[in-house]
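Only the coordinates and a few stated rules stand behind these numbers; no lab work does. Owing to the predicted nature of the structure, the values given are computational and were not obtained by experimental measurement. Quick reminder, even Gly has a Cβ in these numbers, built from the backbone with ideal geometry, and neighbours come from all protein chains shown.
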């Protein structure tokens, strides 16, 4: 009877096998989580850019109705957060409209502010001029430097 229990094979995992699996899972998590976080940041920025475009179209419709962007009868922006429901990642505002110009600004808030260090604040004007305002200053889509124009394009195309 004693001999039978010694020759019987144990079923289960050894501590070494378990530690190898834990190490593999930890490695995969260390690679996947930053990539996922980067994807979430870019997706939130893409939604903010889409909201800026939608509000620009809304402002153009209001201009058609009222004849200017600063008419007192014109209603305020239909929304000021992106995304519109849930936790706001960007705050959208209309900065000092005149009769013929406007500047929409999308400012990151909360976690987006800390995570999206590449692009920062996004702006869109009535002439479709796109700018990013970060710690290094303002870079716009009509700058002389091709590298700066490319950076603005990457931020507005969520890359």
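The table below gives the values:
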read-out	value
Helix-derived mean residue ellipticity, 222 nm - over the chain, DSSP H n ≥ 4, -39500 (n - 2.57), to 500	-16000 deg cm²/dmol
The chain: angle of helix 146-156 to the longest principal axis, Cα-based, in degrees nearest 10	70 degrees
Exposure proxy ranking, count of Cβ atoms within 10 Å, fewest first, for 89, 130, 11	11, 130, 89
Between helix 15-66 and the chain: long-axis angle, C-alpha atoms, 0 to 90°, nearest 10	10 degrees
Ranked list, fewest to most other Cβ atoms within 10 Å of each Cβ, for 70, 51	70, 51
Cα Rg, Dmax, the chain, angstrom units	25.9, 99
Residue order, fewest to most surrounding Cβ atoms within 10 angstrom, among 116, 142	142, 116
